[in-house]
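The values are calculated or read from the model by the stated rules, or taken from the named source; none is laboratory data. The structure presented is a predicted model; accordingly, all values stated were derived computationally and were not measured. Positions of Cβ are backbone-derived with ideal geometry, glycine not excepted, and every protein chain shown enters the neighbour counts. Note: areas computed on protein heavy atoms with side chains; ligands, DNA, RNA excluded. Shrake-Rupley method; radii C 1.70, N 1.55, O 1.52, S 1.80 Å.
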Amino acid sequence: MSINKKMIITEAQRGLLFKDQQFVKVLSPGVYRLWDWLNRYQLQIVTITNALQQTVGGDLLNLAQLHAQTFAPHLQLWETTDNEVGLVYQNNVLKDIKAPGQQGAYWKTQNEIRIDKLDISRELALPKPLAAQLCNAKEDMLKRAALNAIAIFNIPDHHVGFLAVDNEIQAVLSARVHAWWRFNHNPTLTLFDLRLQNMEVNGQEILTKDKVSLRVNLSATWQIREAEKARAELADAKEYLYRELQLALRTVVSTQTLDELLADKNSLNRQILEIVATKALVYGIEVKSVGARDIVLPGDMKAILTQVVEAQKMAEANLIKRQEETQATRSLHNTAKVMEGNPILLRLKELESLEKITARINTLNVYGGLDSVMNGMVKLIDKTNPV
């Protein structure tokens with residue numbers, strides 16, 4: 001009994017024809033009629049929704065590899081070695097990235113597909129145009145592939161980055177965006193800020209030489225001058241500098257009395273700067289300035305110090321007052337000596353005194369003439385200011 005089979009392959013499909021479970025050929029879109037006397041033929045329909053997203057793999061890939069010549073008009077096989085990265089282009093537009101050591105195939109459609117391979121065995125850094133393209137990818141497929149495939153390092157201005165691949169320094173990166181392949185390696189970045197920076201060392205409880213407890217807050221400005229030396233010699237530059245400032249502060253404060261510290265705070269700053277700057281410079285760090293912002297005394301010591309200062313100021317005020325009184329007495333004595341030998345000057349002084357007195361009087365009645373007034377005034381002065 002004959003059986004006439006009708007098979008329809010749409011534009012979004014491909015047909016795999018088998019005879020007695022053995023592959024025969026690939027059927028392109030169209031209508032087919034097949035006489036199958038003993039039901040020996042089987043047809044497997046493959047739907048192609050998107051040539052890029054539907055990567056051929058598994059049993060079909062094995063079948064295509066076994067019958068490469070038969071599948072050549074329909075499938076584009078690709079393979080990457082352990083040191084190759086595949087860049088998938090569709091109509092000359094980058095669409096996807098294939099990892100090393102992978103293989104697959106794409107159905108050939110009206111869209112041209114091209115796979116370019118890059119050898120990453122010697123150079124892990126991406127070329128600048130490719131790095132810029134992947135960093136700014138908009139399509140979801142390419143964006144996801146880029147996140148898995150590359151490590152993006154953005155070095156800001158006035159910074160320097162040390163790139164380590166598998167814990168081995170490979171490059172010193174300047175200020176811009178850099179991209180490196182992740183495949184087969186682990187790239188990491190150590191970033192150094194080359195700008196002037198500030199560091200605070202706060203709340204340091206320290207005993208002075210005379211056993212007074214102080215709390216000191218310290219500020220310092222510093223800058224990395226030789227980043228390579230700081231990276232090679234120090235695990236953490238900031239932690240190292242903080243510890244050195246802390247130790248120097250304790251060393252200087254513990255060797256001075258409270259009065260010495262309060263008398264010249266700049267001396268404290270200079271001594272700390274000399275100690276720390278010399279040590280930090282060995283590791284490529286320049287300490288610009290050091291300053292003690294606050295020196296805080298305990299409550300009871302603060303009250304005692306306030307009393308001391310108050311007593312000192314009162315003593316200074318009394319001394320100034322006595323000096324002024326002595327100066328006034330000396331001046332008055334000198335004036336009396338001058339008048340004693342000069343009657344005219346004495347007379348002028350009398351008139352001056354009279355002028356001051358009469359300036360406060362509204363009405364003045366004079367009896368006996370001016371001489372009588374002057375003589376009476378002199379007698380009045382003599383009575384009120386006895387020598």
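In the set (1) modelled with pLDDT of 95 or more; (2) open to solvent by 30 Å² or more (accessible area, probe 1.4 Å), the condition left unmet by Lys229 is number (1).
Across segment 164-178, not a single residue is classified as surrounded by 15 or more Cβ atoms within 10 Å (Cβ to Cβ), in a loop (DSSP other than H, G, I, E, B) and on the phi < 0 side of the Ramachandran plot.
Suppose we filter segment 1-14 for residues that are assigned to a strand (DSSP E or B) and over 13 Å from Arg33 (Cβ atoms); how many remain? The qualifying residues number 2. Here Lys128 meets the list (1) open to solvent by less than 50 Å² (accessible area, probe 1.4 Å); (2) closer than 18 Å to Trp181 by Cβ; (3) modelled with pLDDT under 90 almost entirely, failing just condition (1). Within segment 19-42, the set of residues being open to solvent by 40 Å² or more (accessible area, probe 1.4 Å), under 22 Å from Asn62 (Cβ atoms) and not in a loop (DSSP other than H, G, I, E, B) comprises Lys19, Gln22, Val24, Lys25, Tyr41, Gln42.
In the set (1) touching a helix residue (DSSP H, G or I) at 6+ places or on another chain (Cβ under 9 Å); (2) closer than 19 Å to Trp181 by Cβ; (3) not β-branched (Val, Ile, Thr), Gln102 fails one condition alone, (1). Count of segment 317-332 residues, restricted to those that are more than 27 Å from Lys349 (Cα to Cα) and of a type in the set (Gly, Ala, Ser), is 1.
Of all residues in segment 232-243, those satisfying the criterion of being surrounded by fewer than 20 Cβ atoms within 10 Å (Cβ to Cβ) and either modelled with pLDDT of 95 or more or assigned to a helix (DSSP H, G or I) (or both) are Ala232, Glu233, Lys238, Glu239, Tyr240, Tyr242, Arg243.
Ala175 versus (1) out of contact with any Lys or Arg (no Cβ under 8 Å at 6 or more places or on another chain); (2) closer than 30 Å to Arg250 by Cβ: which is the lone unmet condition? Against the list (1) out of contact with any Lys or Arg (no Cβ under 8 Å at 6 or more places or on another chain); (2) closer than 30 Å to Arg250 by Cβ, Ala175 comes up short only on (2). The set of residues in segment 96-114 being surrounded by fewer than 18 Cβ atoms within 10 Å (Cβ to Cβ) and either without any contact (Cβ under 8 Å) to a residue 60 or more places away in the chain or hydroxyl-bearing (Ser, Thr, Tyr) (or both) consists of Gly101, Gln102, Gln103, Lys108, Thr109, Gln110, Glu112, Arg114.
Each row is one residue, and each column tells you yes or no for (1) within 23 Å of Leu196 (Cβ to Cβ); (2) not hydroxyl-bearing (Ser, Thr, Tyr).
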site	(1), (2)
Lys209	no, yes
Leu214	no, yes
Asn217	yes, yes
Thr221	yes, no
Ala230	yes, yes
Thr251	no, no
Ile272	yes, yes
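Among the residues making up segment 4-15, those that are open to solvent by less than 70 Å² (accessible area, probe 1.4 Å) and free of Cβ contacts under 8 Å to residues at least 40 places away in the same chain are Lys5, Met7, Ile9, Thr10, Ala12, Gln13, Gly15. Among the residues making up segment 245-280, a single one is among the small types (Gly, Ala, Ser), open to solvent by 50 Å² or more (accessible area, probe 1.4 Å) and out of contact with any strand residue (DSSP E or B) (no Cβ under 8 Å at 6 or more places or on another chain): Ala263.
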